[in-house]
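First up is the structure itself, then whatever we jot down about it.
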Amino acid sequence: MVEYERHDYDVIVIGAGGAGLRAAIEASARGARTALICKSLLGKAHTVMAEGGIAAALGNVWPQDNWQVHFRDTMRGGKMLNNWRMAQLHAQEAPDRVNELEEWGALFDRTNDGRILQRDFGGHRYARLAHVGDRTGLELIRTLQQHAVHNGIDVFMECTVSRLLKDGDRVSGAVAYWRESGNLLVFNAKSTVLATGGTGKAFAVTSNSWEYTGDGHALAYWAGAELIDMECVQFHPTGMVWPPSVRGILVTEGVRGDGGTLRNSDGERFMFNYIPEFFAAETADSIEEADAWYEDKVNNRRTPDLLPRDEVARAINSEVKAGRGSPHGGVFLDIATRRSTEYIRRRLPSMYHQFKQLADVDITSQAMEVGPTMHYIMGGIRVDADTAATTVPGLYAAGECAGGMHGANRLGGNSLSDLVVFGRRAGLGAAEDAAAQASAPEADDAQVEEIVAAMRAPFERDGAEGPYDIQRDLQDTMHNLVGIIRTESELIEAQERIEGYKGRAASVGVYGHQQYNPGWHLAIDLQALLTVSEATARAANVRQESRGGHTRDDYPGPNDAEWGNKNVVIRQGADGEMEVTTSPLPEMPADLQELFEE
Amino acid sequence: MSETANMRVFRGDGESGDWQDYSVEVEEGQVVLDVIHRIQATEAPDLAVRWNCKAGKCGSCSAEINGEPRLMCMTRMNLYEPGEQITVAPMKTWPLIRDLVTDVSFNYEVAKTIPAFKPRPREADGTYRMMQEDIERGQEFRKCIECFLCQNVCHVIRDHPENKPEFAGPRFFVRLAELEMHPLDTEDRLELARQDAGVGYCNITKCCTEVCPEEIHITDNAIIPLKERVADRYFDPIRWLGSKLFGR
């Protein structure tokens, strides 16, 4: 019989970034006894790295803006693969959530008349992102954290969930361990919210932090939930490319929103050569118009520097391949020649700091070198738009680990708003569900024993291969074969290699103690990393078209008739193998469809 | 380009520990955290280190490098002479968990004691109006990434752990000052700053300001104004008399 701490709650929330914090605040406010469980210290989650802003049609800078315009931008940015209802709720509720953050103490930058200032970002018709310089994520997480502290939520920090528990068909809690001691915890919960973020650590070059190992995606999948759109991965166009050790670190889209422009080694503003038909009507086709747009959005069209991220990332990829890249394999991002030193340092203080300290580059006088970096996964756990319920009873999901909201490509700024809109809805859904449960669940000892045995098994294999090489090989495979441009033969090779890594991971060994042992933690995280990597590789092979963040060399361009109205669905089959199917997109009501008829 | 670095890293737990030497390959542009990760991947997979973003934004990887409190992810290896021995130790002020990881829960306990932000009502049009110049100081304070390096160097608790129950530390003076200067806030926290947070213990040696990776002017912009407000309230004889006579 294994020993463990036992905790009983109405609602447990796994993950404490923006979505998890907002879910816990809501569940607790609705009277649910709530626990917030996070892999790191509170306030360190990946949300902290969000830079540019939070998108909400407040209409403070451009009164023409409203939720319908935001909804339309979001759907078009997602190449119409989005769950329309999620996109609608998001656009409608984001302004309330931003105002709520202000009411909880957030200090957003101001307009001249004292309201919340909004900045330009890719794919957004109007300046729409509420922001704090270029550290908006920090403001969001700190505001939620400081609000949550006073709401009676129990926080379990540096506590990692390894598996969910089931009672029949229903999720009934989770098994976790303390990083600090390696000791075990069992949570019995009437309902569970997953808010664990993304899968970036499956890739070699990413802007994501170490926690992003696809835990929530995998926990849900193992518990029987469906994942959708796992092939839709966003490569942010502007990550740092030099020095090698910082490759992938994010350079905010705010640089372009505030006037920065992309250039190739000839000094050419190459984005004018990459305006797709889909966006041609709303994109400037001359330098004069693009530059005038920053000041006058009524009479000018948007600069192609601010096309949606998938378009810009592919363009940079093409320039580098054509031999017009920068010395370290990226392109140039220039704001130095376009804006004053004072303006750059006020608007982009952490970019200034980051380049100065890590790359010896002064962005007020020199161009940055940038290139694509794995940034976000649009795909995730299938949820009901209104309640955030997954396809498994008792299990909810919000934020990056949930799928559907962003379709095939996410617009910048729509992630922070997603976190608070659907974090709140998940907390609400989970609290109402918990209140409707007649009795508290009781963990099944046999399930616990099995989970714990698997967690501790690597210690029995001292001398076997460690986890670090397996993770590195997986990251290289995903980067090289399931990256920004994909093709069938490579996707099949990736799946074969992943099978091999699964075999290696099944016999991985660690040594030492259980106390804060990073090798052991990685050995456990590898299970989730391998599951989400397999899901992305398989889904990518099934979708035989190019759409948003999924680009196929062998199927260039979208195929609306065949694929435009389908999600790729992943679930675990009865035999334990991964199944890939498709299902039709939910149909958009006529009044919303009219917004796309111009 | 690759060189070999001589790293001396503290290994141990709350009971015992010692320095351990590692020779590690270093590539151009690398930071101390890269080198720690290389040690984990090649020689010591159980080397405990806390980190998240590796971009100077989360404040997790605080340590003492050659005796200086710094973020490992923002400390470039080329700061040091080739071949120089580089020591990496855990923050001294907090109880050690293992290797480079310390128990910083003190800070999370203090955070709970600070009364929440309490805004005044909205304007008639439903907005809050604040001018940019009125929030810039608050925004400076809100750059804090909670790396706790300021807490770590503050000798009020570094050298005198017995002061911890009566002293919140620089990070929380920054928080208190931020709330005090927030244009919308209506709560009064000066009694807390004086009595429970112990701002009077600070004798303005500016150690905290020197180590802040976010370059927040902790002493000049947060602590001194906070001290002044406390002094105005509690040590101004005319105000003191007024409070006795009129109860405010």
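For the reader, a short list of remarks on this structure follows.
- Pairs of lysine residues in chain B - Cα separation under 26 Å, sequence separation of 8 or more or cross-chain: 23
- Loop-resident sites, segment A:413-465, for trypsin sites (Lys or Arg not before Pro), counting at most 16 other Cβ within 10 Å (DSSP): A:R461
- Alpha-carbon centroid distance for the pair segment B:87-131 / segment A:359-435, whole angstrom: 25 Å
- Cβ-derived FRET efficiency at R0 22 Å, B:S2 paired with A:D360, nearest 0.05: 0.75
- Across segment B:105-246, Cα-Cα pairs farther apart than 27 Å form 24% of the total.
- Cα-based shape type of segment A:407-454, given that a ≥ b ≥ c are square roots of the gyration tensor eigenvalues and the cut on a/c is 1.5: oblate
- Whole-angstrom gap from segment A:253-305 to segment A:494-559, using each part's C-alpha centre: 36 Å
- Using the Cβ-Cβ distance between B:N66 and A:Y343 with R0 = 30 Å, the FRET efficiency computed as 1/(1 + (r/R0)^6) comes to roughly 0.20.
- With N as its number of residues, segment A:236-371 has a Cα radius of gyration that, divided by 2.2 N^0.38 Å, comes to 1.00.
- Shape of segment A:546-595, Cα gyration tensor, a/c cut at 1.5: oblate
- Theoretical FRET efficiency, 1/(1+(r/R0)^6), r = Cβ-Cβ of A:S439 and A:A464, R0 56 Å, to 0.05: 0.80
- Computed label-point distance, nm, for sites B:D236 and B:T127 using a 7 Å Cα→Cβ extension: 3.4 nm
- Rh (Kirkwood; distinct C-alpha pairs) - segment A:394-492, Å: 18.5 Å
- Per principal axis, descending, Cα span of segment A:341-433 in whole Å: 55, 24, 19
- Computed helical MRE - 222 nm, chain A, DSSP H runs ≥ 4 contributing -39500 (n - 2.57), nearest 500: -11000 deg cm²/dmol
- Low-density loop cleavage sites - GluC sites (Glu not before Pro) in segment B:1-83, where at most 11 other Cβ are within 10 Å (DSSP): B:E15
- P(r) histogram, all alpha-carbon pairs of segment B:2-101 included - 10 Å bins from 0, percent: 16, 54, 28, 2
- Antiparallel DSSP beta bridges within chain A, percent to nearest 5: 65 percent
- If you model segment A:445-559 as an ellipsoid using its alpha carbon gyration tensor, with each semi-axis the square root of five times an eigenvalue, the axes come out at 34, 14, 11 Å, biggest first.
- Unmatched cysteines, chain B - criterion: no other Cβ of a Cys under 4.7 angstrom: B:C61, B:C73, B:C144, B:C147, B:C154, B:C202, B:C207, B:C212
- Among the chymotrypsin sites (Phe, Trp or Tyr not before Pro) within segment B:170-244, those in coil by DSSP and having at most 16 neighbouring Cβ atoms inside 10 Å are B:F235.
- Point-to-point label distance, A:A446-B:Q85, nm (Cα→Cβ direction, 7 Å offset): 5.9 nm
- In Å, descending, principal axis extents of the Cα set of segment A:179-275: 60, 32, 24
- When the P(r) of chain B is calculated, the portion above 31 Å amounts to 36% of the C-alpha pairs.
- Dividing the summed -39500 (n - 2.57) terms of all DSSP H runs of n ≥ 4 by the residue count of chain B sets its mean residue ellipticity at 222 nm at -9000 deg cm²/dmol.
- You can think of it this way: the chain between A:V298 and A:N273 has 6.6 nm of extra reach, that is 0.36 nm per residue less the Cα-Cα gap.
- Hull shadow area, averaged, the protein assembly as shown [alpha-carbon convex hull, nm²]: 35.7 nm²
- Radius, Kirkwood style, for segment A:67-117 when every pair of distinct Cα atoms is counted (Å): 12.3 Å
- Percentage relative contact order, chain A, counting C-alpha pairs under 8 Å, at least six apart: 21 percent
- Approximate spin-label separation A:Q64-A:D169, in nm, with each point projected 7 Å along Cα-to-Cβ: 5.0 nm
Read-outs: derived from the displayed coordinates by stated rules, not from any lab. Values in this document were obtained by computation on a predicted structure and should not be read as measured data. Note that we place each Cβ from the backbone using ideal geometry, even for glycine, and neighbour counts take in every protein chain shown.
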